[in-house]
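Since the structure comes first, as structure tokens, the remarks are kept for the end.
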């Protein structure tokens, strides 16, 4: 069973079969099956939540809440989608709520900047790239919660518009519009700081 | 929603004049060449195949708008790489915290009576199911899924209750299923009797998947 772990990508038929089996067991109250599912899916969800929220500790809290929520709702789940897709949706929603609850001021600089280069001898290209990433992180805070979420799922997580629409619970057209606005805002913000 | 208005030179037309392309993109922008920014970026996103459109290759306005996106993309790539590294993420403490909550929560479930009516002894269905699944999985290559226990309105010889078991299995491919099912039934009955003291009526088995075990021969080892 080790290694039979289906996350969103790459698709793994055997992993999905194993997931479906573990999901049924967990829905019937098998805690060990749930723990196995969690070990499988937690890393991808932590990555997703870190990208959405901008820092690891909030991401861990969000994923923890998402799993507890999932455990409570499992009896009504009935394998309508894969466990991984379902968890992705629950985690996204949880993160959206966290972002909405943030005070606007608190989000600035909350993104946990990467440590500054320690040696001035670092190649210029690396320093430049880091600056650009820092600018991008800051610019992300200018976006609305919904724009940020759609943009992160599209650009950092590489999801399709269809998938994002499903995960966020809005139409594909609305997702496209948000990603467009986000790109617009980000290109302008990045351009202005050059 | 925060509105980030355009630089003034970008307005050659009303942003509201043509929304046919992307539905509710209200703050779209019409480039001086007449194209909508959202359309140009859409083409960019679809990839190089669309550069077949000669306008996109030659129009300075379109090219400039795409260059901004390209620059953004390079920072995005670095940020993506920076946030990708969770492959080595240790799930132990997260799993522990969640399971601490999960184990404290009572799942509504069916209690099954054990022993004689006068005895007040019960076991939760989910707990009994765990034992029976493990028994089924002691047959090589078998994985147990759903396991439901249904109390029957009959009693065994001593007046104790009888339950019917409904078990879903993933069975190994290329193994005769009737024999496999008999083997599983035997193990389930034995465990019910020996470990739980539960009298079992029928054991219904549904094979929900056949697993080709040639690919991974370590299968059958359960946690």
Worksheet entry | If the convex hull is drawn through the Cα atoms of the stretch B:110-211, its volume per residue in Å³ | 85
Worksheet item: Modelled label-to-label distance, residue B:85 and residue A:162, 7 Å Cα→beta-carbon offset: nm?
Response: 3.5
Item to complete: Can you put A:161, A:88 in order of Cβ neighbours within 10 angstrom, beginning with the fewest?
Response: A:161, A:88
Worksheet item: What is the calculated FRET efficiency for residue B:104 to residue B:46, with r their C-beta to C-beta distance and R₀ = 51 Å, to the nearest 0.05?
Response: 0.50
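Give the order of A:183, B:77, A:130 when sorted by the count of other beta carbons within 10 angstrom, beginning with the fewest.
B:77, A:130, A:183
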Worksheet entry | Gained length - residue B:212 relative to residue B:164, 0.36 nm times residue gap less alpha-carbon distance | 14.3 nm
Discussion item. What distance in nm separates the two pseudo spin-label positions at residue A:73 and residue B:121, each 7 Å out from Cα along the beta-carbon direction?
Written reply: 4.1
Worksheet item: If R0 is 56 Å, what FRET efficiency do you get for residue B:56 and residue B:113 from their C-beta distance, rounded to 0.05?
Response: 0.15
Practice prompt. Within 10 Å of each residue's Cβ, count the other Cβ atoms and sort B:120, A:166 from fewest upward.
Written response: B:120, A:166
Response to the item:
Each residue of A:165-175 has, on average, a number of other protein chain C-beta atoms within 10 Å of its C-beta equal to 1
Fill in: Rounded Å value of the spacing that divides the Cα centres of the stretch B:127-204 and the stretch A:60-96
31
Discussion item. Return the equivalent ellipsoid semi-axes of the stretch A:1-104 as a descending list in whole Å, where each equals the square root of 5 times an eigenvalue of the C-alpha gyration tensor.
Written reply: 24, 15, 11
Worksheet item: Considering only the stretch B:110-211, what is the antiparallel percent among its DSSP beta bridges, to the nearest 5?
Response: 55
Worksheet item: Using r as the Cβ-Cβ distance of residue B:150 and residue B:97, and R0 as 30 Å, what FRET efficiency do you calculate, to the nearest 0.05?
Response: 0.30
Worksheet item: Once both labels are modelled 7 Å past Cα along the beta-carbon direction, what's the residue B:177-residue A:16 spacing in nm?
Response: 2.2
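Values quoted throughout were computed directly from the atomic coordinates according to the rules given, and no laboratory measurement underlies them. Note that the structure is predicted; figures quoted are calculated from it, not measured. Every residue, glycine as well, gets a Cβ built from its backbone with ideal geometry; the counts of neighbours run over all protein chains shown.
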